[in-house]
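Student: One structure follows; several queries about it will come next.
The values are calculated or read from the model by the stated rules, or taken from the named source; none is laboratory data. Fair warning: this is a prediction, and the values are worked out from it, not measured in the lab. Positions of Cβ are backbone-derived with ideal geometry, glycine not excepted, and every protein chain shown enters the neighbour counts. The accessibility values were calculated without ligands, DNA or RNA, using every heavy atom of the protein model including side chains. Shrake-Rupley method; radii C 1.70, N 1.55, O 1.52, S 1.80 Å.
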Amino acid sequence: MNYIIWNVRGGNSAKFKMHCIEMVRMHKLVMLDFLETKMADHQTLAQTLDFDMIIQSPAVGLSGGIVFMWKEDLVAVEEVATTPQGIHAMVKVRPNHPPWLFSAIYASNILAERKLLWEKLITISNTLGNNWFIGGDFNEVLKARDKFGGNPINLSRSNLFCNCIKRCHLIDLGYKGSKFTWTNKRYSSRTSLILERIDRCFANEG
């Protein structure tokens, strides 16, 4: 079963929708998550991409927005919790596969709100956290090697994130391609350029 989690940074343009139609067709997607859509409602977008069911966290103004889409004939989904920082759901691939927990994360850039997210993930782990896949934009680095340029990482903040991952018994699934997933785009000056790995996928098993 194929699915994608994508931080799109705006999902309302015609060009974006055309690209997504081709992506869904090429990869035969059963589930699709968009982060930072900057959209108040995602129903029309889901219909355009031929997904019949959604769970959404609407954007506030032009900030945020998460949508989880799926094809109901192929998977059964039961919503667990939805907040501006994540959508959590139990997924069962039809007809008779065992259910597993799926979380798509779009963490706030405000530390106090990220702390609430870490607490939420630990709570979910304590109740439903076996056979869990979780991915998205966590807006925090784990280690010094996950950042290039700029100020040194804030160890206190990184340790909070690291502690959350450990308490949830999650394993980093790694990556292909560039290790950095965010940049300030100041490529003309190496002394001003900042690169960070803040997008990740984790999993555990029962």
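Student: Just want the answer: with Cβ charges of +1 for Lys and Arg and -1 for Asp and Glu, which residue in I21, Q43, L32 is farthest toward the dipole's positive end in region 1-45?
Tutor: I21
Student: What are the semi-axes of the equivalent ellipsoid of region 1-46, taken as the square roots of 5 times the eigenvalues of the Cα gyration tensor, listed largest first and rounded to whole Å?
Tutor: Sorted largest first and rounded, they come to 17, 12, 9 Å.
Student: While we're here: Can you sort D50, D137, D199 by solvent-accessible area, 1.4 Å probe, largest first?
Tutor: Listed by decreasing accessible area, they come as D50, D199, D137.
Student: Additional query: Ordering Y106, Y3 by accessible area with a probe of 1.4 Å, largest first, what comes out?
Tutor: So, going from the largest accessible area down, we get Y3, Y106.
Student: What is the sum of charges, Lys and Arg at +1 and Asp and Glu at -1, for the other residues whose Cβ falls under 13 Å from the Cβ of H88?
Tutor: -2
Student: Let me ask you something else. For a quick protection proxy, order the peptides 187-194, 112-119 by their average other-Cβ count within 10 Å, most packed first.
Tutor: Top to bottom by mean Cβ count within 10 Å: 112-119, 187-194.
Student: Just how much of R186 is accessible, in Å², when a 1.4 Å probe is used and the result is rounded to the nearest 10?
Tutor: Estimated to the nearest 10 Å², R186 gives 140 Å².
Student: Separate question: May I ask which residue of G149, N96, V60 lies farthest towards the positive end of the charge dipole of the chain, with charges of +1 (Lys, Arg) and -1 (Asp, Glu) on Cβ and the Cα centre as origin?
Tutor: About the Cα centre, the residue reaching furthest to the positive side is G149.
Student: For region 63-206, what % of the accessible area comes from carbon and sulfur atoms, probe 1.4 Å?
Tutor: Answer for region 63-206: carbon and sulfur cover 51 percent of the accessible area.
Student: Only Lys, Arg, Asp and Glu count, each charged at its Cβ (+1, +1, -1, -1), so figure out the dipole size of region 1-75 about its Cα centre, rounded to 20 debye.
Tutor: Using only the charged Cβ atoms, the result is roughly 300 debye.
Student: Specify the inter-centroid distance of region 26-43 and region 143-159, based on alpha-carbon positions, in whole Å.
Tutor: Answer, in whole Å: 30.
Student: Express in nm, to one decimal, how much length is gained between M18 and E72 on full extension, taking 0.36 nm for each residue of separation and deducting their alpha carbon distance.
Tutor: 17.2 nm
Student: Shifting gears a bit: If you place +1 on the Cβ of every Lys and Arg, -1 on the Cβ of every Asp and Glu, and leave all else neutral, what size is the dipole of the chain about its Cα centre, to the nearest 20 Debye?
Tutor: Roughly 940 debye, rounded to the nearest 20.
Student: For region 108-206, what number results from the quotient of the Cα radius of gyration and 2.2 N^0.38 Å?
Tutor: So the Cα radius of gyration is 1.15 times the expected 2.2 N^0.38 Å.
Student: Per residue, what accessible area does the chain have, given a 1.4 Å probe and all protein chains present, in Å²?
Tutor: So the chain comes to 55 Å² accessible per residue, rounded to a whole number.
Student: Among the DSSP beta bridges whose two residues both lie in region 94-206, what percent are antiparallel, rounded to the nearest 5?
Tutor: Here the antiparallel bridges make up roughly 65 percent for region 94-206.
Student: So if I place +1 on the C-beta of Lys and Arg and -1 on the C-beta of Asp and Glu, and nothing else carries charge, what would the dipole magnitude of region 114-201 be about its Cα centre? I want it in debye, nearest 20.
Tutor: Rounded to the nearest 20 debye, it is 260 debye.
Student: Mean-square fluctuation check for the chain, GNM, Cα pairs under 10 Å: which of S108, S158, S178 is largest?
Tutor: Checking each option, the largest mean-square fluctuation is seen for S178.
Student: Would you mind checking the radius of gyration and Dmax of the chain based on alpha-carbon positions, in Å?
Tutor: Rg, Dmax (Cα atoms, Å): 17.2, 55.
Student: Just by accessible area at a 1.4 angstrom probe, what is the order of I171, I4, I55 from largest to smallest?
Tutor: Most to least solvent-accessible, the answer reads I171, I4, I55.
Student: Percent antiparallel among DSSP beta bridges with both residues in the chain, to the nearest 5?
Tutor: Here the share of antiparallel DSSP bridges comes out near 75 percent.
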